[in-house]
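The values are calculated or read from the model by the stated rules, or taken from the named source; none is laboratory data. Note that the structure is predicted; figures quoted are calculated from it, not measured. Counting neighbours? That spans all protein chains shown, and the Cβs are built from the backbone with ideal geometry, glycine included.
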């Protein structure tokens with residue numbers, strides 16, 4: 001997660017892609033309740049096989065945000081349903097009913113921010129170096145006055 005973006009900043013995003021290690025991810029609906037963010041996928045779609053404490057990524061506009069998935073206590077589902085109705089009430093009634101059904105409640109996770117693992121940080125650094133080489137290889141040297149190449153470590 002970048003220094004300027006926190007999970008809380010994603011609360012206004014209508015849908016996000018939740019990606020775990022077991023596949024390409026699933027589209028989920030996002031809502032804030034209290035100080036936490038929760039995701040829920042639509043019943044009938046592919047359920048992310050996330051489990052409590054599993055590392056995952058929330059993908060928004062191509063940017064991955066590292067998260068931990070946390071199970072949701074049964075008593076929280078009522079207030080969550082109300083929050084989903086408030087945020088997505090403009091959608092078709094069938095979609096809102098599906099999103100607040102018991103089947104959808106079974107796909108709900110709380111998102112907790114996490115830091116990238118060492119391996120993930122290394123992969124990000126490798127990708128930045130690869131992108132920098134691609135940028136320089138495209139005829140841009142980044143050495144002209146006022147034409148700096150961003151630091152790979154930043």
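Quick notes on this structure:
- Test: residue in segment 140-148 that is at pLDDT 85 or above and surrounded by 11 or more Cβ atoms within 10 Å (Cβ to Cβ): no
- Residue 91 meets the conditions (1) surrounded by 13 or more Cβ atoms within 10 Å (Cβ to Cβ); (2) touching a residue at least 12 places away in the same chain (Cβ under 8 Å) in every case but one. The failed one is (2).
- Residues of segment 104-122 classified as within 21 Å of residue 32 (Cα to Cα) and surrounded by 13 or more Cβ atoms within 10 Å (Cβ to Cβ), total: 11
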